[in-house]
1. Tell me, how many Å apart are the Cα centres for the range 72-90 and for the range 344-366?
2. Roughly to the nearest percent, how much of the accessible area of the range 285-366 is carbon and sulfur, given a 1.4 Å probe?
3. Quickly work out the ARG242-to-PHE254 label distance, labels modelled 7 Å from Cα along the C-beta direction, and quote it in nm with one decimal.
4. Run the numbers for ALA452 and SER347: contour at 0.36 nm per residue of separation, minus the present Cα-Cα distance, in nm.
5. Can you give the FRET efficiency to the nearest 0.05 for ALA182 and LEU478, using r as the Cβ-Cβ distance and R₀ = 51 Å?
6. Sorted by packing (mean other beta-carbon atoms within 10 Å per residue), highest first, where do 413-421, 169-177, 229-237, 80-88 land?
7. Using the per-residue mean of other Cβ atoms lying within 10 Å as a proxy for protection, in what order, highest first, do the peptides 178-185, 275-282 fall?
8. When only the heavy atoms of the protein chains count and the probe is 1.4 Å, how do TRP51, TRP164, TRP187 rank by accessible area, highest first?
Amino acid sequence: MAVTHAGVRAWPLLAVLGAGLFLVAVDATVLHVALPDLVRQLRPGAAAQVWIVAIYPLTAAPLLLPCGTLGDRFGRRRVLVAGYAVFGLASLGCALAPGVPALLAARAALGCGGAMIMPVTMSLLRELFPDQRRRRTAIAVCSGIAGAGSVFGPVLGGLLVEVWGWRSTFLVNPPVILAAVAAALRWLPRTTPAREPWDALSALLAAGGVLGIAFAIGPSGGGFASGAAGCALLGLFGRRQRRAAAPLLDLALFRRPGVPGAAGGVLLVMSVLVGLGLLLAQYLQVVLGLSPTAAAARLLLVLGASAAGSVVAPALLERFGNARVRTAGFAVAAASLAIPAAGGLPSPWWLGGALAGSGLGMALALTSSTDTLLSAAPADRAGGAAAVEKTGYELGAGLGTTAFGSLAAAVYSAHLVVPPGVPDTARRLASAGPAQAEAAAQGLPAAPELLAATRAACTTGVQVSAAAACGLFALAALLSTLTRRKVPG
C-alpha cells in the first residue's frame, strides 16, 4: 500500500495521529479519579462500577483486528476519520448519559471508535516512516503518548471533577476530535486500498474469539465456558488463516524472533499500568485523604518518567536491541513495584520513587515491544501487526482492571474489620468498597473507627496487588533473560 502524495511531511502528521491516540488512551483511565464522584451521582452497584471502567477496553479488544485489517483493505485514512467520528459522538453520549445503562452503552460505543483509531494509527507509522531509525523514534513518541495518556487520564479527571464534575471528563474529546478530523482530511495522504478481498468470516471468528476471552476476564466473570468458546473460535480463525490465499492475519508473524514476547510484554504492561493505576488513584483519595487534583498530581510522576523513557528508548534500542531493552524495562518495573509491596505506600518519598521507576520501566518495555511487532510485518500488512499490538493493549487494560480490581476487592473484604455497633445496612455498604464505606460512615457514632478500618483494609489490598504486579514483572524479566540468547528481540 503506497502513499500517493510524494514528499509527505511525516513528522507534522505524527502530531495529528498522536492527538487521537492520546484521547483513546486517556479514556481508558480518565474515570479512575472521577469514579467516586460518579458513584455519588449515579449510585451504581459494585459490579456496575467495574463494568463502567472495563467495558471500554473490553469492547475495543475484539474489534481491533477487524478494524486494523479494514484499514489495510479499504484505506487507512478513511477508517481513521470514521473512527474519530464514532469516538466523538460516543464521548457526547457519555457526557449526557442519564443513568448507568446509558453510560455503559456510550462507553461501549467509545470502545468501538477507539478500536478503529488505534491500529490504523500505529500501522500508518510503518508506512510513513520506512526507515527503521526514524520509525523507532516515531514509535517511541506514540508509545509515550499512549502510556502518557493512560497516566494523564486520572490527572485530567481529577482537575475536571473538582471544577465541573465527572461528566466534563468526556466533553474535552469532541473539540480535539474535530480538529484531528480536519487535519487528517487535509494533510494525511490517501493510501491505495489492497486488492485482496477482506475476509469477513475471519474477522467474525477473530472478534468472537477475543470477545469470549474478554468476557471470561470481565467483571462478571464469564468463566471457563466463555474462555473455552473464545479459544475455540480463535483456533478456527487460525486454521482458516493457514489455508487462506490472502489471510486476514499472517500467522507467520508469530514465528518471527521476539514477536510472542513482545505481544506478552504489551499485555503485561497495560494490565499493570491500568489496573494498578486505578487502585492507586483510590488509595490516594480514600486512605491519604487527597483531593482528586492532588491525587492526580502524584500520578504525574508516572507520566514524567514514562515520557523520559520514551525519549531515551530509541537510542537504547539502537545500541542494545529490543530484547535487552524489554528485559531491562521489566526488571526496573519489578524493582520499583517491590517498594509498595514491601510497605512503602504511606511514605510520599518511597511511593514517589516507585511511581517514577515503574513508569520508566514500563515505557521501555512498551516501546521495545511495539517496535518488535511493527518491524516484523511488511508495510502492506502493518494493520494486522498493529492490531495484534493494540489487542494486547486493550485486553491488558481490561484484564488489569478486572484482575487487580478483583484481587484488591477480595483482600479488602477479607481484612475489613467493621467495629461493633455499625448497622447491617452500613456494614454491607462498607464491605462493597472504600468509596462506599465513606458514604456508609456518614452520621454513625462509630464513623472514625469504620473509616480507620476501611483505610487499613484498602492499604492491604493495594499492597498485595503491588506485590502481584512485582512478581509478574520479575517473572517476565526472568523469562526474557532465558529466551533472549535463543530469540533476539
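1. For the range 72-90 versus the range 344-366, the Cα centre distance is 36 Å.
2. Numbers: 2270 of 3150 Å².
After summing per-atom areas, the C and S share lands at 72 percent.
3. In this crude label model, PHE254 to ARG242 measures out at 1.1 nm.
4. Values: separation 105, 0.36 × 105 = 37.80 nm, distance 1.77 nm.
Computed gain between ALA452 and SER347 is 36.0 nm.
5. Values: r = 49 Å, r/R0 = 0.95.
Calculated value: 0.55.
6. Working: 413-421: 13.8, 169-177: 19.8, 229-237: 17.7, 80-88: 22.6.
Per-residue mean Cβ counts within 10 Å order the peptides as 80-88, 169-177, 229-237, 413-421.
7. Values: 178-185: 16.5, 275-282: 25.8.
Peptide ranking by packing, descending: 275-282, 178-185.
8. Details: TRP51 55, TRP164 185, TRP187 150 Å².
Listed by decreasing accessible area, they come as TRP164, TRP187, TRP51.
The values are calculated or read from the model by the stated rules, or taken from the named source; none is laboratory data. Note that the structure is predicted; figures quoted are calculated from it, not measured. Glycine gets a Cβ as well: all are built from the backbone with ideal geometry, and neighbour counts include every protein chain shown. Each accessible area value is taken on the protein alone, full model and side chains, heavy atoms only, with ligands, DNA and RNA left out. Shrake-Rupley method; radii C 1.70, N 1.55, O 1.52, S 1.80 Å.
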